[in-house]
Amino acid sequence: MKLATLKNNTRDGRLVVVSRDLSTAACAQDIAPTLQAALDNWSELAPRLAERFAKLQDGTAANTEAFDPTLAHSPLPRAYHWVDGSAYVNHVELVRKARGATMPESFWHDPLVYQGGSDDFIGPCDDIVVPSEEFGIDMEAETAVITGDVPMGTTADDAGSYIRLLMIVNDVSLRGLIPGELAKGFGFYQSKPATAFSPVAVTPDELGEHFTDGTFKLPLLTHYNGELFGRPNCGVDMTFNFNQLIAHVTRTRRLGAGAIIGSGTISNYDRSLGSSCIAEKRMLETIEHGAPQTSFMKFGDRVRIEMLDPQGDSVFGAIDQQVKKA
C-alpha cells in the first residue's frame, strides 16, 4: 500500500491512497483525515486503507485523481518525533579520516542519533530555501521508517513489528554551521533546516524481499544538476539496521505513533558507487588530492533523490528540489 498527503488549506493536508505505479490517487479522508490519524488507529484503519488501495489497483475506486507529486506534502507534514541516525559508520569514519582524527571504537556498537526539528517538514518538490550560500548547503540522501506506538525497552528482535511505513529522505545540512554548533557540545539546530521526505510512504510489503531484517536492500539514486552523483546500495555496509536503531532510541523512552527514524547518509565502502552527500565527496577528494574540489550547493542547483525497484519503477516517487535564496 502507498499513502500520500496532498496539500490543501490546512497544516496537515489530506490523506490519499496512491496506485503502485504512482499515477493515480484515491481520496481516503472518509477513512482517516490525515496520515497521523491513520497511524493513531492503525490496527483498525490500515485494513480499510489497504482495501481502498486494492480497489485503486483494479480500477474500481471512487473519487480518484491523477497523482501529481508537485502537489504533495511530506507524508507527515509535521511529526511528533523525528530522530535521525548515522547507521553507515564507514561514512563517519571517512569524515574523521579526512581531518586526521581517529574514531572511537564505541561508534561500531553504539549508534549515533540526534533529535531533529519535526514541526515543519517540506514537500518533496518544495524549494530548499537558505539565507546564504556561505552556510555550506548540502543534500543528504537517506531512508526512513515510520513507527506505531513502540514500548520502552523494545528489543531489536521485536522492533520490526512496530514499523508501519517506509520513506526516503533529503536531510539537508548546512555544513558551514555544523562545526560551531557541535563545538558547543549541545548538538545540531541552525545547521539542520527543514527536512523533505518522499512523495509517498509505503508499507514494508511493497518492497517485499528488498526490505528485510530492518534494512532497505536497493540502491538510492542521487542526481545533482541532472548528473548521477551516487547510487550506493542501502543494504550494504549498514552497521545498524532500523530494528537496532529503534531498540537504541527506546532504551529509556517510548515512541508515539508517527515517530520517524532516519538512517543517516547512505554510504558504501565501494566508492565507485558515488556518494549521497557532497561532504563525503569532498572528504574523498581531500584524502586523494589534499583539498576538496567539489563546492557545496549554490542557488539554482537541483537535487533529485529516488529509489527504483529491479524493474526500474520508482518505489516512493522522487524528491526533486531546487536551492533558492530566502
Worksheet entry | Where L45 falls short, out of the listed (1) closer than 18 Å to I146 by Cβ; (2) assigned to a loop (DSSP other than H, G, I, E, B) | (2)
Worksheet item: Can you tell me which residues in the range 207-224 are in a strand (DSSP E or B) and surrounded by fewer than 17 Cβ atoms within 10 Å (Cβ to Cβ)?
Response: T212
Fill in: Neighbours by Cβ (under 7 Å, 6+ apart or cross-chain): first from the range 52-72, among the aliphatic types (A, V, I, L, M); second modelled with pLDDT of 95 or more and open to solvent by 60 Å² or more (accessible area, probe 1.4 Å)
L56/T64; A61/K55; L71/K7
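Can you spot a residue in the range 282-291 that is touching a strand residue (DSSP E or B) at 6+ places or on another chain (Cβ under 8 Å) and either open to solvent by 30 Å² or more (accessible area, probe 1.4 Å) or in a loop (DSSP other than H, G, I, E, B) (or both)?
First, pick out the residues of the range 282-291 that are touching a strand residue (DSSP E or B) at 6+ places or on another chain (Cβ under 8 Å): none.
Checking the range 282-291: not a single residue is touching a strand residue (DSSP E or B) at 6+ places or on another chain (Cβ under 8 Å) and either open to solvent by 30 Å² or more (accessible area, probe 1.4 Å) or in a loop (DSSP other than H, G, I, E, B) (or both).
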Fill in: G235 within 21 Å of S314 (Cβ to Cβ), assigned to a loop (DSSP other than H, G, I, E, B) and modelled with pLDDT of 95 or more
yes
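In the set M103, M139, which member is touching a helix residue (DSSP H, G or I) at 6+ places or on another chain (Cβ under 8 Å), open to solvent by less than 60 Å² (accessible area, probe 1.4 Å), over 25 Å from A259 (Cβ atoms) and not β-branched (V, I, T)?
Working: M139 fails: over 25 Å from A259 (Cβ atoms).
So the residue among M103, M139 that is touching a helix residue (DSSP H, G or I) at 6+ places or on another chain (Cβ under 8 Å), open to solvent by less than 60 Å² (accessible area, probe 1.4 Å), over 25 Å from A259 (Cβ atoms) and not β-branched (V, I, T) is M103.
Picking from L94, L76, which residue would you name as being within 22 Å of the chain's Cα centre (by Cα) and not in a loop (DSSP other than H, G, I, E, B)?
One residue alone meets the criteria, L94.
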Discussion item. Scan the range 153-172 and tell me whether some residue there is aromatic (F, W, Y), modelled with pLDDT of 95 or more, assigned to a loop (DSSP other than H, G, I, E, B) and crowded, with 18+ Cβ neighbours inside 10 Å.
Written reply: no
Discussion item. Checking I146 against (1) open to solvent by less than 10 Å² (accessible area, probe 1.4 Å); (2) at pLDDT below 95, only one condition comes out false. Which one?
Written reply: (2)
Practice prompt. Count, please, the residues in the range 35-79 that happen to be within 25 Å of D320 (Cα to Cα), open to solvent by 20 Å² or more (accessible area, probe 1.4 Å) and of a type in the set (S, T, N, Q).
Written response: 3
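The values are calculated or read from the model by the stated rules, or taken from the named source; none is laboratory data. Note that the structure is a prediction, hence the values are computed from the model and not measured. As a convention, Cβ positions derive from the backbone with ideal geometry for all residues, glycine included, and neighbour counts pool all protein chains shown. Please note that ligands, DNA and RNA were not included when accessible areas were found on the heavy atoms of the full protein model with its side chains. Shrake-Rupley method; radii C 1.70, N 1.55, O 1.52, S 1.80 Å.
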